[in-house]
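The values are calculated or read from the model by the stated rules, or taken from the named source; none is laboratory data. Please read these numbers as outputs of a predicted model, since none were measured by experiment. Cβ: placed from backbone, ideal geometry, glycine included. Neighbour counts: every protein chain shown. For accessibility, only protein heavy atoms count, side chains too; no ligands or nucleic acids. Shrake-Rupley method; radii C 1.70, N 1.55, O 1.52, S 1.80 Å.
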Amino acid sequence: MPIKDKPTPSRFRFLNNILLIGGVLLLIASFILPLVLGPQIPGVPYSLFIHQVQEGDVARAQISQNQIQFQLKAGDEETGSVFSTTPIFDLNLPSLLEEKGVEFAAAPPPKNGWVTSLLGWVIPPLIFVGIWQFFIRRGAGGAGQGMLSIGKSKAKVYVEGETAKTTFTDVAGVEEAKAELVEIVDFLKTPGRYTQIGARIPKGVLLVGPPGTGKTLLAKAVAGEAGVPFFSISGSEFVEMFVGVGSSRVRDLFEQAKKQAPCIVFIDELDAIGKSRSSNGFYGGNDEREQTLNQLLAEMDGFSVEAEAAPVIVLAATNRPEVLDPALLRPGRFDRQVLVDRPALSGREAILRIHSQKVKLGDDVDLRAIATRTPGFAGADLANLVNEAALLAARNQRQAVAQTDFAEAIERVVAGLEKKSRVLNEKEKKIVAYHEVGHALVGSLMPGSGRVEKISIVSRGMAALGYTLQLPTEDRFLMDEAELRGQIATLLGGRSAEEIVFNSITTGASNDLQRATDLAEQMVTTFGMSKILGPLAYQQGNRAAFLEDGRPNPRRTMSEKTSEAIDREVKDIIETAHQQALDTIMRNRDLLETITLQLLETEAIEGEKLHHLLSQVQAVSVS
Ligand code: ADP
Ligand code: MG
Ligand code: ZN
């Protein structure tokens, strides 16, 4: 929440006075001046007027509803004096005037009358509203908005045709995400096809991924592909100084959206409002955020996609899904999550191709080579890279962007990126590749650790340099000893591969070791899986230990001997698993090379191709 600097109090008083003086002046101008300066016509009683008419003294009269002006007859040389009187309701007056030969007419509508009355009736209220707003604004601590606009959603509406239409062809390198979103486009285009057979169209889709990978772009592309309006608002815009503003903004946003359905509501930075309600925020913004979140949940529950002919689908983006309130992820809310990851080699090439369409490329430019040199770059970084290269080319007065411009631009962008995320050099890349393949080889053999679905050396999130993704083939609630040992061996597979290939050890495996050791310790002290120590719980456990956060509980007080025995058992489990991992990798040394080479080339291997490679892994018999 940006805290805007408030004007100093003395400046306030000054402004205030000016406003008041201005107001008073306007009041005088609009009310009193016309009375003082207006034409002065002496008034006479009505009876006198009638008398003068009957006497034949009146030359002409001008009659309006609430005033009669009349001119007396005068001598030849001068015009007669004018008087006015307030009429009473008198139907006989016209005939009397006619009889006495008075020239009479209805008064023309007053020339400046409406201006005066407008000034009189409109300006003062305006002044009051102005003063009122001024005070409100001051009270708001410079929130920067008048009272009247508070709570109005600032959602921008991008309607197709108004902005350049974004489609899936503008997005590359995130093929899986695109494939999932194609379905959403279909929902928006032909909701009837789904509702007709009773399918529930998802209301919320959460795009998860590091910054700059194209989440916003994808959301726009979904709207563009479906040809529906696109409402976008950022989570941080919901959270304001006033409690209640955020929630009314949410309400307003959905109201607008429903009117234009089918459409897409895109909430960027969902974590700004969707932070877990249990985790305490600082400076009391919590209440407000909670209300906003509750309103969002209520809105999402409130509309039923099926009931309405046209769906409103809420897309949201975050790079920190782990902090989100679990309530947001329940069915009927953001129950779909789409991973928008950093692009691998071919993806990067495709993104470079998209963005270099706008610049003139020289003949020597090799986008594939550039993609090879930019591991870890997100889409936004690549877009930036193309632009940097174009700038350099222009500065060097070239007609088209050359490969050398790209080379120089990469250096610049990398320098900026190194602070933000990790960009691996060639040697690190190789180490990470062997490491991840090591995990995969061991993991593919171990019982109960799930199928290896993807290996990648494109860093994901902030922590990992590469990753091996194992997906369980079924729901598991219990694990037996062999499976736990298998998991530990898999965790050690990365380091074992490094040991075998490079005969040295890097710091990259520390997280693996931590997790392996935690698991081993839990086996001994919590699950009672050690033969020597028996089925005793050596930890003061009331936390649900298994699968919760993986961290062991503090140990019970115990004799030194027991403590030593535990340490020995833990070490033994780890060492056995380590040996098993080493054996497995030694046995499959050639396959390790084959897969690693492929991984280095494409940066990620997944699906059928990976299954095929890993099906060749040969098991070693455990002695
Ligand atoms: P995010 O919302 O994930 O932070 P954006 O969608 O705002 O990222 O991406 C910023 C810009 O970077 C986009 O407008 C686009 O020019 C470029 N970009 C990012 N990812 C991609 C991609 N996958 N394909 C093409 N361009 C991309
Ligand atoms: Mg974005
Ligand atoms: Zn690892």
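Of the residues making up the stretch 592-618, those that are in contact with a helix residue (DSSP H, G or I) (Cβ under 7 Å, 6 or more places away or on another chain), under 17 Å from Val442 (Cα atoms) and open to solvent by less than 60 Å² (accessible area, probe 1.4 Å) are Leu592, Ile595, Thr596, Leu599, Ile605, Leu613, Leu614, Val617. Scan the stretch 369-415 for residues that are of a type in the set (Ser, Thr, Tyr) and open to solvent by 30 Å² or more (accessible area, probe 1.4 Å) and jot them down. The answer is Thr372, Thr404.
I need the full set of residues from the stretch 165-186 which are in contact with a helix residue (DSSP H, G or I) (Cβ under 6 Å, 6 or more places away or on another chain) and more than 16 Å from ligand 2 (Cβ to nearest atom), in order please. Once the filter is applied, which keeps residues that are in contact with a helix residue (DSSP H, G or I) (Cβ under 6 Å, 6 or more places away or on another chain) and more than 16 Å from ligand 2 (Cβ to nearest atom), the stretch 165-186 yields Lys165, Thr167, Phe168, Ala172, Lys178, Ile184, Val185. Scan the stretch 348-368 and tell me whether some residue there is within 16 Å of ligand 2 (Cβ to nearest atom) and open to solvent by less than 70 Å² (accessible area, probe 1.4 Å). Yes, some residue in the stretch 348-368 is within 16 Å of ligand 2 (Cβ to nearest atom) and open to solvent by less than 70 Å² (accessible area, probe 1.4 Å).
Restricting to the stretch 265-276, what's the tally of residues that are away from ligand 1 (no atom under 14 Å from the Cβ) and closer than 13 Å to Leu315 by Cα? Here the count works out to 1. The residues on offer are Thr468, Thr473, Thr517, and the sole one that is outside any loop (DSSP other than H, G, I, E, B) and at pLDDT below 80 is Thr468. In this structure, Glu162 does not qualify as at pLDDT 65 or above and either under 22 Å from the mean Cα position of the chain (by Cα) or away from ligand 3 (no atom under 16 Å from the Cβ) (or both). Among the residues making up the stretch 213-230, those that are within 15 Å of ligand 2 (Cβ to nearest atom) and more than 19 Å from Ala378 (Cα to Cα) are Val222, Ala223, Phe230. In the stretch 557-579, the residues that are closer than 18 Å to Leu491 by Cβ form Cβ pairs under 7 Å with partners that are open to solvent by 60 Å² or more (accessible area, probe 1.4 Å), at six or more places apart or across chains, as follows: Glu569/Ile532; Ile573/Arg485; Ala577/Arg485. Of all residues in the stretch 199-257, those satisfying the criterion of being at pLDDT below 85 and polar (S, T, N, Q) are Ser232, Ser234, Ser236, Ser247, Ser248, Gln256.
Looking at (1) β-branched (Val, Ile, Thr); (2) open to solvent by 20 Å² or more (accessible area, probe 1.4 Å); (3) more than 10 Å from ligand 1 (Cβ to nearest atom); (4) under 20 Å from Ile354 (Cα atoms), find the lone condition where Val222 falls short. Status for Val222: all satisfied but (2). Being part of a loop (DSSP other than H, G, I, E, B) and closer than 16 Å to Val432 by Cβ is a description that does not apply to Ile532. Applying the condition of being among the β-branched types (Val, Ile, Thr) and crowded, with 19+ Cβ neighbours inside 10 Å to the stretch 479-525 and asking which residue is farthest from Tyr434 (Cα to Cα) yields Thr525.
Here is a yes/no grid of residues against (1) at pLDDT 90 or above; (2) closer than 30 Å to Pro202 by Cα; (3) touching an Asp or Glu at 6+ places or on another chain (Cβ under 8 Å); (4) among the hydrophobic types (A, V, I, L, M, F, W, C):
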{"residue": "Ser346", "(1), (2), (3), (4)": "no, no, no, no"}
{"residue": "His355", "(1), (2), (3), (4)": "yes, no, no, no"}
{"residue": "Gly362", "(1), (2), (3), (4)": "no, no, no, no"}
{"residue": "Ala369", "(1), (2), (3), (4)": "no, no, no, yes"}
{"residue": "Arg373", "(1), (2), (3), (4)": "no, no, no, no"}
{"residue": "Gly379", "(1), (2), (3), (4)": "yes, yes, no, no"}
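Taken together, the criteria place Ile313 among residues that are assigned by TED's automatic domain parsing to the domain that holds Glu175, of a type in the set (A, V, I, L, M, F, W, C) and modelled with pLDDT of 80 or more.
Counting residues in the stretch 205-212 that are in the same structural domain as Asp252 (by TED's automatic domain parsing), within 14 Å of ligand 2 (Cβ to nearest atom) and open to solvent by 40 Å² or more (accessible area, probe 1.4 Å) gives one or more.
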